[in-house]
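A.B. asks: Here's a structure for you.
Quick note: the coordinates plus some simple rules give every number you see, no bench work behind them. The structure presented is a predicted model; accordingly, all values stated were derived computationally and were not measured. So basically every Cβ, Gly included, is an ideal-geometry build from the backbone, and we count neighbours across all protein chains shown.
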Amino acid sequence: MKTHFLFPNKFKTLGWILFLPSLLTFTITSLFNIDIDQYLKIKVFAIYEETLGERPGFFKIITDSFSYELLTLLIIVGGLFICFSKLKNEDEFISKIRYESLVWATYFNYLLILFFTLFLYGMPFLNVIVYNVYTVLIFFMIRFHFQIYKLNKTTSDDE
C-alpha cells in the first residue's frame, strides 16, 4: 500500500529524541514558573515587533530570547515525526486507525477548547490557548499508539 505524506519509519526515533526532552523542559518551566528568557539571546528577524517602551515596527532585526521558540519548534517537529512516521508494517488497517485517531484528537481538542472558553477566564484561558499549540499532536499520539497497542495485544492473544 502506498502511504502518502508519511515520513520514513526511522523519523519516529528522531521524533522521540526531539519531543520528550523539549516537552519535559517546557512542562517543568511552565509548572514551576521558571523564566528561561535570559538564555539563548540572539538576533532574529521579526515580521512585526512591539515591546513596551519601544516603537513598533515591521521587518526588523531584533535581539530576543529564542528559548521558548526553540522548545516550540522541537516539540512540534518531534511530535510530527512521531505521529506521522510510517510503522514497520503500515497497511490499510493502520491507515484507518491513523485517520480515526486524527479525527478523534481534533474533536476532543476542540471540545476542550469550547469547555475552557465557557468556564475559564483571564490568564488561565490564555495559558490553555498557548498549550493548545501542542495538544492535537499529543492527543493523536496517545490515541494512535493506544489503538496500535490494543491491536498488537489482540493479535498476540489470537496466536
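A.B. asks: Report the net charge of residues surrounding residue 13, where surrounding means a beta-carbon distance below 14 angstrom and charges are Lys +1, Arg +1, Asp -1, Glu -1.
C.D. replies: Net local charge, residue 13 excluded: +4.
A.B. asks: Calculated from DSSP H runs of 4 or more alone, at -39500 (n - 2.57) each and per residue, what is the 222 nm mean residue ellipticity of the chain, nearest 500?
C.D. replies: Calculated at 222 nm, the ellipticity per residue is -23000 deg cm²/dmol.
A.B. asks: Hey, what did region 1-86 get for relative contact order, percent, Cα under 8 Å, at least 6 apart?
C.D. replies: Values: 109 pairs, mean separation 40.6, N = 86.
Computed value for region 1-86: 47 percent relative contact order.
A.B. asks: What ³J(HN,Hα) values, in whole Hz, does the Karplus curve 6.51 cos²θ - 1.76 cosθ + 1.60 give for region 48-54 when θ = phi - 60°, with x put for Gly and Pro?
C.D. replies: Per-residue couplings from phi come out as 9, 9, 8, 10, 5, x, 10 Hz.
A.B. asks: Taking the Cβ of residue 97 as the center, what net charge do the other residues with Cβ under 15 Å away carry, scoring Lys and Arg +1 and Asp and Glu -1?
C.D. replies: +3
A.B. asks: Starting from a Cα-only point model with no solvent, please compute log10 I(q)/I(0) by Debye for the chain at q = 0.08, 0.14 1/Å.
C.D. replies: Log10 of I(q)/I(0), two decimals: -0.34, -0.90.
A.B. asks: Starting from the Cα of residue 48, step 7 Å along the direction of its Cβ; do the same at residue 6; then give the gap between the two resulting points in nm.
C.D. replies: Label-label distance for residue 48 and residue 6, simple model: 4.0 nm.
A.B. asks: Determine the sum of side-chain charges near residue 68: Lys and Arg each +1, Asp and Glu each -1, restricted to other residues whose C-beta is under 13 angstrom from that of residue 68.
C.D. replies: Residues near residue 68 contribute -3 overall.
A.B. asks: So, one more: Which part of region 91-129 falls in the paramagnetic zone of residue 154, meaning amide N under 12 Å from the point 7 Å along Cα-to-beta-carbon?
C.D. replies: 93-94, 97
A.B. asks: Residue by residue through region 63-80, which ³J(HN,Hα) values in whole Hz follow from phi under the Karplus form 6.51 cos²θ - 1.76 cosθ + 1.60 (θ = phi - 60°), with glycine and proline marked x?
C.D. replies: So the Karplus estimates, Gly and Pro as x, are 9, 8, 6, 9, 4, 5, 5, 5, 4, 4, 4, 5, 5, 5, 4, x, x, 5 Hz.
A.B. asks: Also, I was wondering about something else. So between residue 92 and residue 127, what do we pick up on full extension, going 0.36 nm a residue minus the alpha carbon distance?
C.D. replies: That works out to 8.8 nm of additional length.
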